[in-house]
Amino acid sequence: MTTLLGAAFLVGFLGSLHCVGMCGGLVTTLAMSQKRTWWSGLISYQLGRILTYTFLGLLAGMMGMVITQVTWFADVQRGLTLFAGSLMILFGFTLAGWLPDPLVKIMSQLSRVIGLSKWIYAATNSRMPMSWFMVGLFNGLLPCGLVYAGLALSLTSGSIGLSAAMMLAFGLGTVPAMMFVPVVLKSASPKARGWVLKIAAILLILMGVFTMIRGSALMHSMHDMDNMQGMNHSEHHMPMNHNMHPTTHPMNMEDMDGMDMQNMNMDGMKK
C-alpha cells in the first residue's frame, strides 16, 4: 500500500513540471490578477484539482473492484500496470520535448467546449476563492497523459479506498510545482528550466520502466502460482486413485505362502 501511494505521489511530483508549461499561464493569470500573490485563490484552485483527481480515483477503484470479480483479473492487472508504465515513458519524452504532446489540441478543444476560458475570466475579476475552486474542478477533467498514467496505476490496486488515496497522493504531488509556478517562471532562465525538465523527464521514464518491470514480475509470479496449484492438485489426486483401486495391485505368491504358514501355526497352537 505504501509503495503504491509513494509511486502515485512521485508520478504527480515529477510530471508536475509539465504543468508549468501547460497550466502555468492559468496559474500565473490567477497570481497576477491581484496586486499581490493571492494565496487563497491559489489554494482553492489546487483543492479543486485534487478533489477531481480523488473523485476520478474513486471511480477507477469501483471499476477495479468489478474487474477483480472476473477470473482473468491477473491478466487485466498486469496489462494495466504495463499500460501505466508505457504512459509514464511517453509522458517523459513529451516532458523533455523529445516528442510532441498528442493531447494539446484535444485539451484546447475541450476547454472551449466546457467554457473554461469563461470561468477563468470570471474568476480573474472575482475576489471569491470559490470561483477559482470551480476552475480547479474543471481543469482536473482536461485530458492529460500524466493523469491517465496515475489512473491506470490506481486501477491496479483493486481497492476503492486505495485507488482514491493514490489519486489524492498524485494530486498532492503536483501541488509544489503548481503553487510556486509564478516564482519559477520569473526566476528561472529558459536554459535552467530546460535542464530541470529533462532531469525530471529521465526520472519519470525510469519510473515507467520500473513500473513495466513490476507488471512483468507480476505476470511471472502469477504463472508460478498457477504451476504450484497444478502440482498440488495432482498430488492430492494421486493417493485418492491409489485408495480407490486397491484390487489393482495383485498379491504375489510369497505373500500367499506367508499367510498359509501363519494359519498353520495358529492351528497348531489351538490344538
Go through the residues of segment 35-43 one by one and say whether even a single one is in a helix (DSSP H, G or I), touching a helix residue (DSSP H, G or I) at 6+ places or on another chain (Cβ under 8 Å), modelled with pLDDT of 85 or more and over 17 Å from Ala8 (Cα atoms).
-> yes
Taking Thr71 as the residue in question, decide whether it is outside any helix (DSSP H, G or I) and modelled with pLDDT under 80.
-> yes
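Would you check if Ile199 is hydrophobic (A, V, I, L, M, F, W, C), farther than 21 Å from Asp101 by Cα and modelled with pLDDT of 70 or more?
Values: hydrophobic (A, V, I, L, M, F, W, C): yes; farther than 21 Å from Asp101 by Cα: no; modelled with pLDDT of 70 or more: yes.
For Ile199, the condition - hydrophobic (A, V, I, L, M, F, W, C), farther than 21 Å from Asp101 by Cα and modelled with pLDDT of 70 or more - is not met.
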How about segment 115-180: which helices (runs of 4 or more DSSP H) wholly inside it have at least 1 residues that are within 20 Å of Leu87 (Cβ to Cβ), within 11 Å of the chain's Cα centre (by Cα) and in contact (Cβ under 8 Å) with a residue 40 or more places away in the chain?
-> 145-155, 160-179
Say whether the condition of being crowded, with 18+ Cβ neighbours inside 10 Å and within 23 Å of Leu17 (Cα to Cα) is met by at least one residue in segment 113-131.
-> yes
Run Leu80 past the list (1) surrounded by fewer than 19 Cβ atoms within 10 Å (Cβ to Cβ); (2) of a type outside the set (Gly, Ala, Ser); (3) at pLDDT below 85 and report the number of the one that doesn't hold.
-> (1)
Which listed residue is closer than 19 Å to Phe55 by Cα, among the polar types (S, T, N, Q) and modelled with pLDDT of 85 or more, from Ser159, Ser86 | Ser159
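Do you know which residues across segment 74-114 are outside any helix (DSSP H, G or I) and of a type in the set (D, E, K, R)?
If the condition is that a residue be outside any helix (DSSP H, G or I) and of a type in the set (D, E, K, R), then Asp101 is the only one that fits.
The values are calculated or read from the model by the stated rules, or taken from the named source; none is laboratory data. Everything quoted here is computed from the prediction, not taken from an experiment. Using ideal geometry, Cβ is built from the backbone for each residue, glycine included, and neighbour counts are taken over all protein chains shown.
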